[in-house]
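Okay, structure first, notes after.
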Amino acid sequence: MRIRLYDVIIIGSGPAGLTAAIYASRAKLRCLVVAGAMWGGQLMLAEKVENFPGFNGGIFGPDLMNGMRKQAEHFGAEIIFDDATSVDFSTRPFEVTVGSRVHKGKSIIIATGASAKWLGLESEARLRGRGLSVCATCDAAFFKNKRVAVVGGGDTALEESLVLSKFASEVKVIHRRNKLRASKILQERVFKDPKIEFIWNSTVQEILGKERVEGIRLRNVDSNEESDLVCDGVFIAIGYKPNTEIFKGQIELDQAGYAVAKDTTKTTVEGVFVAGDAQDHRYRQAVAAAGAGCKAAMDAGKYLEEA
């Protein structure tokens, strides 16, 4: 089977990957997107997106991603809806293996994103996007004057709580210990917020509700007693994990597994670029990822011109 050589292979198909595909293919680069079997990134789980520019009434996450995919295909990008299983950045052209096939690219854009850590409850899968979220910046406005719970005790949980307190009537922070591991400055801000209260030494056993979140079942880790907390929304804030496993030993990753970028989107391997949440552990927003995808595609194009 003949192996086609691409100008750029984009691994990932969230806002970063598909924006990179739009820019690369529109620049007449031979572009392959290895989208993944579960393509589209975290926005495929978003019930409604109201903070992506250009959509005055908001847009459903899957609709936004479908629009990006069709736009990339319109300009000529090829898309494979399967997962990359390995890469080899030590050879030129670079190699990306998808199943039993090897694809070769003169340049690579990594846009594999990051995955929110979940509690592992059956009810999470059922209620995602129905009152259950991992992004307060994305969804806080939907909970105006409603009661919400945040699960976690680190910086992410407290940052989410502060965002939510601007909209919700009350915010309960559920933490399995009796003290926080978050930074002191965040703790000071949260403790001063009259809307935010803590439920200490407790874990979430179940998220309650059939069609939408109606509450959570808690277990006290000291007494082992269970109790139900009525709420309209639950935000899981126990961290994120970058989807960069297949790049270990290929590019430099930091201690948390995020790709290290030098000079905007360049990784430590010349010709390999990164965009979105695989590198960005601070903003984690679709519009930021899309902007990074644009930069990565332009950086890849310049690299190819000078190669």
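The values are calculated or read from the model by the stated rules, or taken from the named source; none is laboratory data. Note that this is a predicted model, so its numbers are computed, not measured. Please note: Cβ atoms are built from the backbone with ideal geometry, for glycine as well, and neighbour counts cover all protein chains shown.
Among the residues making up segment 40-73, those that are of a type in the set (Gly, Ala, Ser) and surrounded by fewer than 21 Cβ atoms within 10 Å (Cβ to Cβ) are Gly54, Gly57, Gly58, Gly67. Figure legend. Inter-residue proximity from segment 88-104: first residues surrounded by 13 or more Cβ atoms within 10 Å (Cβ to Cβ), second residues part of a loop (DSSP other than H, G, I, E, B), beta-carbon distance below 6 Å, spacing 6+ or different chains. Indicated pairs: Phe89/Gln250; Phe89/Val269; Val96/Ala84; Thr97/Thr85; Val98/Asp82; Val98/Ala84; Lys104/Ile3; Lys104/Pro93. Of the residues that sit in segment 219-257 and are in a strand (DSSP E or B), within 27 Å of the chain's Cα centre (by Cα) and modelled with pLDDT of 95 or more, which one is farthest from Gly271 (Cα to Cα)? Per the criteria, the residue is Gly233.
In segment 285-294 there is at least one residue that is surrounded by fewer than 16 Cβ atoms within 10 Å (Cβ to Cβ), touching a residue at least 40 places away in the same chain (Cβ under 8 Å) and outside the structural domain of Gly129 (by TED's automatic domain parsing).
Summed over segment 201-243, residues that are within 30 Å of Ala111 (Cα to Cα) and among the β-branched types (Val, Ile, Thr) total 3.
Of the listed requirements (1) in contact with a Pro (Cβ under 7 Å, 6 or more places away or on another chain); (2) among the hydroxyl-bearing types (Ser, Thr, Tyr); (3) surrounded by fewer than 19 Cβ atoms within 10 Å (Cβ to Cβ), Tyr258 misses just one: (3). Counting just the residues of segment 164-197 that are in contact with a Leu (Cβ under 6 Å, 6 or more places away or on another chain) and modelled with pLDDT under 95, which one comes out surrounded by the most Cβ atoms within 10 Å (Cβ to Cβ)? Within segment 164-197, the match that is surrounded by the most Cβ atoms within 10 Å (Cβ to Cβ) is Ala182. Checking each residue of segment 41-60 against the condition of being among the small types (Gly, Ala, Ser), in contact with a Pro (Cβ under 7 Å, 6 or more places away or on another chain) and either assigned by TED's automatic domain parsing to the domain that holds Thr137 or within 23 Å of Thr85 (Cα to Cα) (or both) gives at least one match. Candidates Val213, Val204: the one that is in a strand (DSSP E or B), in contact (Cβ under 8 Å) with a residue 12 or more places away in the chain, of a type outside the set (S, T, N, Q) and farther than 16 Å from Glu160 by Cα is Val204.
Among residues that are closer than 30 Å to Ala275 by Cα, at pLDDT 95 or above and not assigned by TED's automatic domain parsing to the domain that holds His281, Leu132 is included.
Out of the residues in segment 45-62 that are touching a strand residue (DSSP E or B) at 6+ places or on another chain (Cβ under 9 Å) and modelled with pLDDT of 90 or more, which is nearest to Val134 (Cα to Cα)? Looking at residues that are touching a strand residue (DSSP E or B) at 6+ places or on another chain (Cβ under 9 Å) and modelled with pLDDT of 90 or more, I get Gly61. Based on what the data block shows, is Arg130 out of contact with any helix residue (DSSP H, G or I) (no Cβ under 6 Å at 6 or more places or on another chain), assigned to a loop (DSSP other than H, G, I, E, B) and under 20 Å from Ala46 (Cβ atoms)? Against the criterion (out of contact with any helix residue (DSSP H, G or I) (no Cβ under 6 Å at 6 or more places or on another chain), assigned to a loop (DSSP other than H, G, I, E, B) and under 20 Å from Ala46 (Cβ atoms)), Arg130 qualifies.
When segment 26-39 is filtered for residues that are more than 14 Å from Val98 (Cα to Cα) and either touching an Asp or Glu at 6+ places or on another chain (Cβ under 8 Å) or surrounded by 24 or more Cβ atoms within 10 Å (Cβ to Cβ) (or both), the ones remaining, listed by number, are Leu29, Arg30, Cys31.
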